[in-house]
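Readers should treat all values here as calculations from the given coordinates under stated rules, not as data from a laboratory. Computed from a prediction, not measured in an experiment: that's the story for all the values here. Quick reminder, even Gly has a Cβ in these numbers, built from the backbone with ideal geometry, and neighbours come from all protein chains shown.
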Amino acid sequence: MSATFDLADIKRRMSAAVQSLKHELNGLRTGRASGSIVEPVMVEAYGQVTPLLQVASVSVPEPRLITVQVWDRSMVSAVEKAIRDANLGLNPTTEGQVLRIRIPELNEQRRKDLVKIAHKYAEECRVSVRHVRRDGIDTLKKALKDKAISEDDERRHQTDVQKATDQIIGEVDQVLAAKEKEIMQV
């Protein structure tokens with residue numbers, strides 16, 4: 001095996017694309033409460049912008065309810081404002097240091113739109129995986145041209161790269177199918 005070709009690194013980079021896809025899909029609102037919906041919210045706290053999770057804890061006590069327990073009483077209005085201003089379509093109600101966020105039902109058209117967005121994210125992930133495959137194959141071709149590996153090794157490694165690509169694309173399809181099912185579930 002050539003020092004320049006690293007199948008483990010290629011698999012790691014492909015897996016990173018899948019992890020990124022999962023993170024993107026977690027941000028899609030499915031009509032079911034999830035703490036990950038409010039994770040990207042940034043709060044103006046103590047003179048600087050900080051992530052919501054650094055000033056409050058988030059829990060999901062019911063399927064359509066998120067509660068945000070603000071640690072510092074003086075931060076409650078700032079957290080509420082940050083959630084409203086985050087363009088998530090969420091409207092928290094305040095009870096002391098606890099913010100309650102009801103997740104509204106999704107209508108059929110909105111569900112279909114979310115599925116389209118999920119498909120777009122999955123396709124971006126597939127493209128990213130294909131770029132990694134191309135980089136790996138280009139590395140192999142360069143190693144063959146530099147006489148660092150034989151033609152047989154190059155063919156065998158190309159087959160390994162393609163198998164890894166097929167496996168990861170299958171994983172992307174599974175993640176997408178699960179998210180699509182979750183979105184379309186009434």
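On a per residue basis, the convex hull of the C-alpha atoms belonging to segment 97-186 measures out at 127 Å³.
First select every other residue whose beta carbon is under 13 angstrom from the beta carbon of residue 62; then total the charges, Lys and Arg +1, Asp and Glu -1.
On the way: positive: 32, 64, 100, 102; negative: none.
For residues surrounding residue 62, the net value is +4.
What fraction, in whole percent, of alpha-carbon pairs in the chain exceed 27 Å separation? Percentage above 27 Å: 48. Comparing mean-square fluctuations of 129, 49, 115 from a GNM of the chain with C-alpha springs under 10 Å, the top value falls on 49. Its alpha carbons considered, segment 35-102 gives a radius of gyration followed by a Dmax of 10.6, 35 Å. Can you compute the FRET efficiency between residue 113 and residue 135 using 1/(1 + (r/R0)^6), with r the Cβ-Cβ distance and R0 = 45 Å? Round to the nearest 0.05. Given R0 = 45 Å and the Cβ-Cβ separation, E is 0.85.
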